[in-house]
Amino acid sequence: MRTVIVGGGVVGLTTAYEIARAGGQPLVLEAARAGQAASHGNAAKIALAESAPVPAPGVLLQGIRWMLRPDSPLAIHPRLAPDYVKFLLAMARHCNARDFEAGLDVHLRMGADANDLLDDYRADGIDFEMHANGVLLAFETRERFEEHCASLPQFESFGHVPERLYGHGAVQEREPALKDSIGYGLFFPSDRQLEPDSLTRGLVARITELGGEVREDTAVSGFVRRGDRVTAVLTDSGERIEADAVVITAGADAGRLTAQLGVPLPIVTGKGYSIDYTPAPVQLRTSLTLEDARVAVTPLDGRLRLAGTMEFGARNNEVNDVRVSAIRRAAAQAFSGWESADLTGEQAPWAGVRPMTPDGLPVIGLLGELSNTVVSSGHSMLGLTLAPASARIASDLVFGHRPELPADLLNRISPHRYPAGPRHRAL
């Protein structure tokens, strides 16, 4: 079975890998370079501890309050485009406790096997950089700490039981590089760190070994449809590629592509930033997230990555120096010795857009009435964490199997195929 996969980020490549392992013939079409869009500059970790969906009680109101702060962790670009306004209104409806808890439950179920699946990748010969150092969520204020603690019972029900660190000195015992201003912490031992470029390179190599193909610099312009099937994919160069099945994993561009097949998806862009330092300015025992500033700090082999901020509705990948400065400032305020450290190893800041949905959950399922076309997008900032499970779901759908995980997601896009469960809500 020849399956054309549109999009060569981590979601597309893991999907191609699963299809190839199952005996299919995947062909990945990537408009630029495989793994070099949103996958390249992410926070470089399997973020089980941070699986909460973006829409949460108070999030949209906080974003509106921050609109006049150019360096705020969350920005909502004001635009009057009807689809964008509709998206924000839909997101506002999901900023409540019930939807937040339901979304967190879906993410935790999808991420439950992430570490085991990545271990399987390695056992199958995929070579990539991965560390199992856990993650420390670090808080300056008791308010933010207690806010996060309110959702811990859900994490603990999935076996993610953190060490709670109270008072000055307790957090520093876990991570000595932190300043005394960090007074509260939650340490999750099961989170991992993963260098994304090494994973996507390894996936490309293994897909090729299994008989698949990854074609770069190949943008998709359209599709050929006959009845309830897509029979071919068209490229910008005029090539027509015949297909037995199609999987759309094009990230922030997925909505535009699915609209050509009559199913527009409510996906908008959310721009994030990252900065790499080689060598690392400070030596850390573990990965961290500076929760008050919403900045992730991930130690990798020979370097340190800072990642953060969210800009809803960003139209390009241009770097906003004000936002980059805010990320740098968060590190300087949190780590002892940062001001005097050698920062000459800072690389050029990166910015890229992630696919965001109104309820914060990925969109995965058979597309509309089509019987051979699957979409898998909308993973927001959890692409690395959710990609292994998403790939299993998409591969099952391609081969006509009922996916093991989880019907809630499929109901959102193809409810006529899967009985609606108690948590089903439309976007």
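The values are calculated or read from the model by the stated rules, or taken from the named source; none is laboratory data. A quick note: this is a predicted structure, and the numbers were derived from the prediction, not measured. Neighbour counts run over all protein chains shown; Cβ positions are idealised from the backbone, glycine included.
Summary of values
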{"quantity": "Failed item in (1) within 26 Å of Phe139 (Cα to Cα); (2) among the hydrophobic types (A, V, I, L, M, F, W, C); (3) outside any strand (DSSP E or B), with Ala348 passing the rest", "calculated": "(1)"}
{"quantity": "Scope segment 320-342; condition loosely packed, with under 15 Cβ neighbours inside 10 Å and in contact with a Pro (Cβ under 7 Å, 6 or more places away or on another chain); matching residues", "calculated": "Val322, Asp342"}
{"quantity": "Qualifying position, being of a type outside the set (Gly, Ala, Ser), within 27 Å of Pro53 (Cβ to Cβ), under 17 Å from the mean Cα position of the chain (by Cα) and outside the structural domain of Leu386 (by TED's automatic domain parsing), among Thr289, Thr249", "calculated": "Thr289"}
{"quantity": "Residue within segment 141-162 that is surrounded by 13 or more Cβ atoms within 10 Å (Cβ to Cβ), acidic (Asp, Glu) and either outside the structural domain of Val59 (by TED's automatic domain parsing) or at pLDDT 95 or above (or both) present", "calculated": "no"}
{"quantity": "Residue satisfying all of: in segment 376-411; closer than 16 Å to Asp99 by Cβ and modelled with pLDDT of 70 or more; surrounded by the most Cβ atoms within 10 Å (Cβ to Cβ) among these", "calculated": "Gly378"}
{"quantity": "Any helices (runs of 4 or more DSSP H) falling wholly within segment 26-128 and containing at least 2 residues that are without any contact (Cβ under 8 Å) to a residue 40 or more places away in the chain and loosely packed, with under 14 Cβ neighbours inside 10 Å", "calculated": "59-65, 82-94, 114-123"}
{"quantity": "Which listed residue is within 30 Å of Pro266 (Cβ to Cβ) and out of contact with any Asp or Glu (no Cβ under 6 Å at 6 or more places or on another chain), from Arg79, Arg142", "calculated": "Arg79"}
{"quantity": "Counted residues, segment 357-385 - those being within 12 Å of the chain's Cα centre (by Cα), hydroxyl-bearing (Ser, Thr, Tyr) and farther than 12 Å from Thr258 by Cα", "calculated": "3"}
{"quantity": "Positions within segment 207-234 being surrounded by 14 or more Cβ atoms within 10 Å (Cβ to Cβ), assigned to a strand (DSSP E or B) and in contact with a Gly (Cβ under 9 Å, 6 or more places away or on another chain), in sequence order", "calculated": "Val214, Arg215, Val220, Arg225, Val233, Leu234"}
{"quantity": "Answer from Val54, Val10 - the residue that is in contact with a Leu (Cβ under 7 Å, 6 or more places away or on another chain) and among the β-branched types (Val, Ile, Thr)", "calculated": "Val10"}
{"quantity": "Hey, Arg144 part of a helix (DSSP H, G or I), closer than 24 Å to Ile182 by Cα and of a type in the set (Lys, Arg) or not", "calculated": "yes"}
{"quantity": "Top-ranked residue of segment 163-206 - restricted to ones that are more than 30 Å from Ala102 (Cβ to Cβ) and aliphatic (A, V, I, L, M), ranked as surrounded by the most Cβ atoms within 10 Å (Cβ to Cβ)", "calculated": "Leu203"}
